[in-house]
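Accompanying notes for the structure given below.
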Amino acid sequence: MEDWAIGQLASKDDDVFDLLKSEIAGTPDVIHVEQPWLFAFAQRFVAECAQGKSKLIYGSENIEHSLKRQIIEDLVGGVRAREPAHLVLECELNAVRGADLVCATSTHDATWLRSHASTEVILVPNGVRARETTITGIAEANATTGHLKIALYCASAHPPNISGFFEIFGRGMGCLSPDERLVVAGDAGLHIQSDSRFAKVPGLKGRYISAGQVSEECLQGLLHVCHALVLPITKGEGTNLKTAEALWAGRHVIATPVAMRGFEEYSCAAGVIMRNEAVAFRQAIREAMAKDPLSLGLEDLQHRRSLLWETTLKPLIAAIDGLEPRVAFA
Amino acid sequence: MSERGARTWINVTTSVNWTRPPVGIVRVERALVEHLQKQLGQDLCRLCVWKDDRFTEWVPMATAIPPRISQALDVIIPRGPSFDIVRPYVVKALGKYSRARARSGGTADEMELVVPLDGASSLHPAPGDFLLSVGLDWDNVYTKHFFQLAKKQGLRIITCCYDLIPVLFPQYCVGEVAQKFTEYFLELSWGSEAVLCISEQTRKDYTRLCHELGAPMRRTVVIPLGDNLPSGESVIGDSVRAATECPFILFVSTIERRKNHEVLYRAYHILRRRGFSGPLPRLIFVGMPGWGVGDLLQDIELDPLTRGSIVQLNHVSDTELAYLYRQALFCIFPSLYEGWGLPVGEALAMGKAVVASGEGSLPEVGGDLVHYLPAWNPYEWADTIQAYVEHPELIAESERKVRAGYKPRQWSDTARTVRELIEELAATSAGDSLDLLAGYDMSTECGIYSGPSILSTGSAGLLLFGPHRALRRGRYRVCVYGSVLREHREPISIDVVSRQGLTIHASTNYQRSREESGIDLNIEMLFSMERDAEDIEVLCRVMKDAALQIDRVVVQSCA
């Protein structure tokens, strides 16, 4: 609930409000608020400092109250999750109702947002930047992987990334051969390793490499050298930024339907396997690891260009262009 | 391919290190040694032990060594585990020398011993050979090496799954064994080409576990375990005679929680409490007390209702066991789970009536010849025991059915099933080709690993070397696949070598001609080997500024 609390602090505590507003130079025409937490701050800023002229866009990444309820339920049980979920819902509804434009990352989220928004809700899927792979990045990746054949999981320490991992792999890591490794890049790597469940998963310890936080160059190296990418996400709304990265990497991808949300058009793409059940997910990994390295045809490569930010952000740019300027307060 | 067929090596590490009377698994290992060597011949069926990180031929020490040879042996070879393998060979040599000296009338004081140049390879399993490992493999380090032995040395490994009790019923085992055994079954699955299962139930349990874990499904074959008791000629001891003076019911099994001796104790308690006043037969437990039964054994000892009715016998010889089976009124086996259930088979082979639980694989052993009862219900066991005691005609009828219907399983049949599996697998080629992804399976000095490929970086030197794999003698084609990243017409040299580069099997200098265009690189060459190689290697040297990517190296038999 730190996100929610920071939002409350920034909008309601005058000292914090002043400190934060001092970071903003001039009067923006449009303010895009990513996630709902700081939307109340932005509303106060527009009212008090921008004479009501700035347009507000709410960029939803998730249906936050639903996700937070799942996370808190896992930690403290359903009864105690009710109040925090309600507070987040209020915060989220304030953003949806107060925005001049709402962006959703998936059609699923857009449906919910439209039922509460008083303005247009547009679909702006997550995307990826085309980055270059360097020899240095590959060398750094090799230093982590020992040039073994790897499946890569890129994830932050966001709780669903950890719980999803253990839901999918908790029974045992039989899907990788003794010569293969699962590399976890990002903060999830160390969180998974220090979780009390880690040591109890048969076969995991010897097949697991935590890369932890890596440089952008090394991440590109890992995406280049990996044989497959796994997305064992079982909870959450919205879309997963890492899914776009995984699809763009052009390697085998094994993902849950939750991880593929917003990227459904790729569910049957070359090298993509979508599995919901843990057993089927693990078997799909083994099958993918036994296949030849994925080689995409020109048509597939061209299709995947729709994952780039330059494509995914087009609806947002058009919508911003179409926003009516606000009439300044008298 | 080599002219000689694949050998089968039986890993006898468990038996060699076993110093107590044989238990089930040791008996299986020894029975397979005896019968497979008979069926395949000693040249094609050899024994080996895990020693110094590899499997090495095991030649059993002659049982009776003449004192003079024994003395000489101690002078030449120190006693100690490091020399265990060489001692039998020296005994053989000394025996030969002794006979030569005797033939010469005591004049010969030297003897020529010829060590064949390829002797080293015949002491170890060669590529394409089968390794049969059916011992206590979860307690031995070699299991962790099976995957690499198959991958790098080309061994075709057949293992055995006895049961999944530690995984399915860890509560009946000592400590937290579920994880250890799950990991063991993972090693087994990744390292084996085929897995023998001692029952359909075990096969079902094992394949279900592989499915759950996402582990590879190997070929599985159910092997029937022999239930013919080894013949013995020892005398019947006093304790056995005393215990069998009055009629008795027999339960042969180690005394542990899973075997469910408790339900029988409770059944006896119920019978006595009911006031069953008839001559209740003695209940004899034959087996070693194990873990987790202390309270039960104390209850049996203290309970005034059952005191004297339940007797334990331990350290029973094969002769005594056969005697006990013969003398028993009937046999009983209430186990909560079994991977097979040898005592049920043994009792049936002796023509006895059997009452057993229907758990695990037991119905596979007994078919419809056994009277099955629910394992957890002592009242049903009490009722059935009472019925059998009050109506001996029920026992006689059951025995008649058993004698007419039970076909004892022979160890030779167990071995035949294994032999047929080996023959079937041998019909599929193995050990005679390598399909290598350069980036994972090979090494580079001047390039960089790039996932499955190796990329040149512009430096001159060894772009590719390895994989140091074993390969059988024969004629082969090597194909190096990759791509040219930038037009470059400097020569690329490719060598195929073994014995750490001492033997060069083939060399070529490849240079793109002016007519060749495109990015594909495909270099082919042929070579022959007259001996098996333990460390075949493909070397690729490039000049400065080469811009290549090597993806795949395939070594394929041209037989």
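To keep it simple, each residue is scored yes or no on (1) assigned to a helix (DSSP H, G or I); (2) surrounded by 14 or more Cβ atoms within 10 Å (Cβ to Cβ).
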residue	(1), (2)
B:ALA375	no, yes
B:LEU394	yes, yes
B:GLU399	yes, yes
B:ARG416	yes, yes
B:ARG419	yes, yes
B:THR428	no, no
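Only residues that are part of a helix (DSSP H, G or I) and of a type in the set (Gly, Ala, Ser) were counted in the range A:94-130, giving 3. So, in the range A:122-160, of the ones that are of a type in the set (A, V, I, L, M) and away from every other protein chain (no Cβ under 14 Å), which residue ends up nearest to A:GLU277 (Cα to Cα)? Once the filter is applied, the top-ranked residue is A:ALA155.
Put simply, of A:SER194, A:SER163 the only residue that is over 26 Å from A:GLU61 (Cβ atoms) and away from every other protein chain (no Cβ under 14 Å) is A:SER194.
Summed over the range B:156-178, residues that are of a type in the set (S, T, N, Q) and at pLDDT 90 or above total 1.
Do we find that B:SER443 is more than 10 Å from every other protein chain (Cβ to nearest Cβ), in contact with a strand residue (DSSP E or B) (Cβ under 7 Å, 6 or more places away or on another chain) and small (Gly, Ala, Ser) in this structure? No. Does B:SER459 fit the bill of being away from chain A (no Cβ under 14 Å) and either open to solvent by 20 Å² or more (accessible area, probe 1.4 Å) or assigned to a loop (DSSP other than H, G, I, E, B) (or both)? The answer is no for B:SER459. Applying the set (1) farther than 27 Å from A:ALA110 by Cα; (2) buried (at least 16 other Cβ atoms within 10 Å of the Cβ); (3) touching a residue at least 40 places away in the same chain (Cβ under 8 Å) to A:GLN51 leaves exactly one unmet item: (2). Only a single criterion out of (1) outside any loop (DSSP other than H, G, I, E, B); (2) in contact with a helix residue (DSSP H, G or I) (Cβ under 8 Å, 6 or more places away or on another chain); (3) more than 24 Å from B:HIS261 (Cβ to Cβ); (4) of a type in the set (Gly, Ala, Ser) is not satisfied by B:ALA382, namely (3).
Restricting attention to the range A:55-93, the residues that are of a type in the set (Val, Ile, Thr), in a helix (DSSP H, G or I) and open to solvent by less than 30 Å² (accessible area, probe 1.4 Å) total 3.
Residues checked against (1) polar (S, T, N, Q); (2) closer than 13 Å to B:LEU539 by Cα:
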residue: B:SER453; (1), (2): yes, no
residue: B:ALA460; (1), (2): no, no
residue: B:PHE465; (1), (2): no, yes
residue: B:GLY474; (1), (2): no, no
residue: B:VAL480; (1), (2): no, yes
residue: B:VAL484; (1), (2): no, no
residue: B:SER498; (1), (2): yes, yes
residue: B:ILE504; (1), (2): no, yes
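Does B:ARG241 qualify as being within 14 Å of B:LEU164 (Cα to Cα), free of Cβ contacts under 8 Å to residues at least 12 places away in the same chain and open to solvent by 20 Å² or more (accessible area, probe 1.4 Å)?
Working: within 14 Å of B:LEU164 (Cα to Cα): no; free of Cβ contacts under 8 Å to residues at least 12 places away in the same chain: yes; open to solvent by 20 Å² or more (accessible area, probe 1.4 Å): yes.
Judged against the criteria, B:ARG241 is not a match.
Assess whether A:GLY236 counts as being under 30 Å from B:ALA215 (Cα atoms), within 14 Å of chain B (Cβ to nearest Cβ) and open to solvent by less than 40 Å² (accessible area, probe 1.4 Å).
no
Checked against (1) farther than 30 Å from A:THR243 by Cα; (2) free of Cβ contacts under 8 Å to residues at least 60 places away in the same chain, A:TYR58 passes all but condition (1).
The requirement of being over 19 Å from B:VAL389 (Cα atoms) and aliphatic (A, V, I, L, M) is satisfied by B:LEU229.
So which residues in the range B:446-456 are at the interface with another protein chain (Cβ under 10 Å from one of its Cβ atoms), open to solvent by less than 30 Å² (accessible area, probe 1.4 Å) and at negative phi? Explain how you work it out, then say what you get.
Step one: filter the range B:446-456 for residues at the interface with another protein chain (Cβ under 10 Å from one of its Cβ atoms), giving B:448-455.
Now restrict to residues that are open to solvent by less than 30 Å² (accessible area, probe 1.4 Å): B:448, B:450-455.
Across the range B:446-456, the qualifying residues are B:ILE448, B:SER450, B:PRO452, B:SER453, B:ILE454, B:LEU455.
The condition of being over 21 Å from A:LEU308 (Cβ atoms), crowded, with 23+ Cβ neighbours inside 10 Å and within 11 Å of chain B (Cβ to nearest Cβ) holds for only one of A:VAL225, A:VAL201, A:VAL230, that being A:VAL225. On the basis of being touching a residue at least 24 places away in the same chain (Cβ under 8 Å) and open to solvent by 60 Å² or more (accessible area, probe 1.4 Å), does A:GLU167 make the cut? Yes: the conditions hold for A:GLU167.
The values are calculated or read from the model by the stated rules, or taken from the named source; none is laboratory data. As the structure is a prediction and not an experimental result, all values here were calculated from the model. Positions of Cβ are generated from backbone atoms using ideal geometry, with glycine treated the same way; all protein chains shown enter the neighbour counts. Each accessible area value is taken on the protein alone, full model and side chains, heavy atoms only, with ligands, DNA and RNA left out. Shrake-Rupley method; radii C 1.70, N 1.55, O 1.52, S 1.80 Å.
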